[in-house]
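Enquirer: Encoded as structure tokens, here's the structure I'll be asking about.
Read-outs: derived from the displayed coordinates by stated rules, not from any lab. As the structure is a prediction and not an experimental result, all values here were calculated from the model. Because the Cβ atoms are built from the backbone with ideal geometry, glycine has one as well, and the counts that use them run over all protein chains shown.
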Amino acid sequence: MYSLPLIQVEVNPLAEDSQGVLMAADAKIGFDDNASFRHKDLHAKRDETQEDPREVAVNAMDTCMHPFFLLHVFKCVLREGERERERE
């Protein structure tokens, strides 16, 4: 058994082979970002192409900043994303 700071585990579909062994045919796992420093090996395998690019941009910044500043930056990232969609 593993002890990890998970916020979401979704297994769909769950399959059973002919010997009765259960297997996760597909799964989605969400980790608690606040605990990433404890599990750098797992977070190194992160696939940012599966995430919202706006969240990736905000997460790339120093999260020790003041929350109101981060909110302002996130709003700027959202506006830039809207501008890009309008250009398409």
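Enquirer: What aspartates and glutamates could a cross-link reach from Lys75, if we take a straight Cα to Cα line under 15 Å and drop same-chain neighbours fewer than 8 places away?
Expert: Leaving aside aspartates and glutamates fewer than 8 places away in the same chain, those within reach of Lys75 are Asp52, Glu55, Glu84.
Enquirer: Still on this structure: Once you list every other residue whose beta carbon is under 12 Å from the beta carbon of Asn12, what net charge do they have if Lys and Arg are +1 and Asp and Glu are -1?
Expert: -1
Enquirer: On to the next question. To test your reading of the geometry: what angle, between 0 and 90 degrees and rounded to tens, separates the Cα axis of helix 67-87 from the longest principal axis of the chain?
Expert: Between the helix axis and the principal axis of the chain, the angle is about 90 degrees.
Enquirer: In Å and on Cα atoms, what radius of gyration and Dmax does the chain show?
Expert: 17.9, 55
Enquirer: Want the number for Glu55 to Ile7: 0.36 nm per residue separation, take away the alpha-carbon distance, what's left?
Expert: My answer for the length gained is 15.6 nm.
Enquirer: Additional query: Might you report the magnitude of the Cβ-based charge dipole of the chain about its Cα centre, with Lys and Arg at +1 and Asp and Glu at -1, to the nearest 20 debye?
Expert: The calculation lands at about 340 debye.
Enquirer: Another question, then. Once the Cα atoms of the range 1-46 are picked out, what are the Rg and Dmax in Å?
Expert: When restricted to the Cα atoms of the range 1-46, Rg and Dmax are 13.4, 41 Å.
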